[in-house]
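Here is the structure we will look at.
Bear in mind these aren't lab numbers, they're just calculated from the coordinates by the rules spelled out. All of these numbers come straight from a predicted model, not from anything done at the bench. Note that each Cβ is placed from the backbone with ideal geometry, even for glycine, and that neighbours are counted across all protein chains shown.
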Amino acid sequence: MKALVYTGIGQLALKDVPDPASDFVVKVLGCGICGTDLKTYQKGHHLFPPPAILGHEFYGLVEKAPEGCGYSIGDAVVVAPYAECGACDVCLRDAGSLCPHKHYVEDGAFCERVGISADYIERGVFPLKEKNDVYTLVEPLACVLNGVEQLNLKPASRALVVGAGPMGALFALLFSAKGIPVTIVEPAAPRRQRIASWGIDAREPGQVKKGAYDTVIIAVNRKELVGEYITLTADAGTVLMFSGLSKDEFVSVEAYSIHYRQVSLKGSFGYAMRHFGEALSLIDAHKETFSRIITHHFPLERGKEAFDLLASGDALKIVL
């Protein structure tokens, strides 16, 4: 089968690779390029030494299935790239996103077919009602839902999202769908204009009034923004560090806001399976809303062109 193979920093090549030998095989219809994929392409990643097939935001059609698994050839499915064990101390503390014993899909999905182990079918494969590229957004939306779960949202909450990349845009659309007033801050005019065209308040940095928002999501990986927005968050509000920073980076925050104004600083990472199921239900109910995130589609053989376009900032979410 054909696969887009990461062969080194800045290098992607379409290659012939062996078909999966698994008992359950999904023919990939679409796979989104995520921030980790782009980071690996641009800088490398210790978890993905080349050569490697990247991509985990995918859906497709069942091409091979064992008897009695609940699926038939041709069924449309979306696959969670990992699932928590559900039994360890971390899972029992209801923090499945941090489970140290996760079960993973066997390989990346920038290819024609993905194999799924038999013991993962019930845990991580979900049936779909139709074929639609919007289902590539189930995994990133699940991560957003985990982030929202960390927030102390109230009926009168007002949300501010810092950064209008694909994840920040997902936060904004989710808050909007839930009826929570939301503003997004973004320095790039084209991204602001896109968000504004959805009926969402979009502003330049520096246009945020102190105390106007009790819920702030940092959806861009710039550590200095954490301290900046801690001081702007309303009393008893919460700032969520959503975008990842490297292990050797540290953030500095104003002690006064934490102690005397009771502003909380929280983080979130990944998703638990309950978030994945909820994300699928939300997308089923709001396909048109969430499909706005996808701005470009590319065939697999133009994968490098797609990665370069995403790196330029001129695309939001690209599906191969």
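Side notes on the structure shown:
- Amide H contacts of ALA272 (H built 1.01 Å from N, under 5 Å, at least 5 apart or other chain): SER97
- Cα gyration tensor category, rounded, prolate or oblate, for the chain with a/c compared to 1.5: prolate
- In this structure, the amide hydrogen of LEU12, modeled 1.01 Å from its nitrogen in the peptide plane, lies closer than 5 angstrom to those of THR7, counting only residues at least 5 positions away or on a different chain.
- The range 1-104: trypsin sites (Lys or Arg not before Pro) in DSSP loop, at most 10 other beta carbons within 10 Å: ARG93
- Local net charge near ARG274, Cβ-Cβ under 12 Å (Lys/Arg +1, Asp/Glu -1): -4
- When the square roots of the Cα gyration tensor eigenvalues are ordered a ≥ b ≥ c, the ratio a/c for the range 230-320 is 1.5 or more and a/b exceeds b/c, which makes its shape prolate.
- Reachable lysines, given that their alpha-carbon falls under 25 Å from the alpha-carbon of LYS2 and they are not under 8 places away in the same chain: LYS15, LYS27, LYS39, LYS43, LYS64, LYS131, LYS304, LYS317
- Look at the dipole of the chain built from charges on Cβ: of VAL185, GLY8, SER281, the Cα furthest out on the positive end belongs to VAL185.
- Rounded to the nearest 20, the size of the Cβ-charge dipole of the range 151-267 about its Cα centre is 280 debye, with Lys and Arg at +1 and Asp and Glu at -1.
- Counted residue by residue at 0.36 nm each, then reduced by the alpha carbon distance between them, the extension gain from ASN132 to ARG222 reaches 29.0 nm.
- Gyration tensor verdict on the range 151-267 (Cα atoms; rounded if a/c is under 1.5, prolate if a/b is larger than b/c, oblate otherwise): oblate
- GluC sites (Glu not before Pro) within the range 80-154: DSSP coil, no more than 14 neighbouring Cβ in 10 Å: GLU106, GLU130
- Given charges at Cβ of Lys, Arg, Asp, Glu: the chain dipole, positive-most of ILE195, PRO51, PRO299: ILE195
- ARG261-LYS287 FRET efficiency (beta carbon distance; Förster radius 56 Å; 0.05 resolution): 0.90
- Using the rule -39500 (n - 2.57) for each DSSP H run of four or more residues, divided by the residues of the chain, the 222 nm mean residue ellipticity is -8000 deg cm²/dmol.
- Other residues within the sphere of radius under 13 Å centred on the Cβ of TYR71, judged by their own Cβ, net out at -3 (K and R +1, D and E -1).
- Of all DSSP bridge pairs formed entirely within the chain, close to 55 percent run antiparallel.
- Neighbourhood charge, 12 Å Cβ-Cβ cut-off, centred on PHE58 and excluding it, Lys, Arg +1 and Asp, Glu -1: -4
- Kyte-Doolittle mean at least 0.0 and Cα axial length at least 15 Å: DSSP H helices in the chain: 138-149, 166-177, 273-285
- About the Cα centre, charge dipole magnitude for the chain (Lys/Arg +1, Asp/Glu -1 at Cβ), debye: 940
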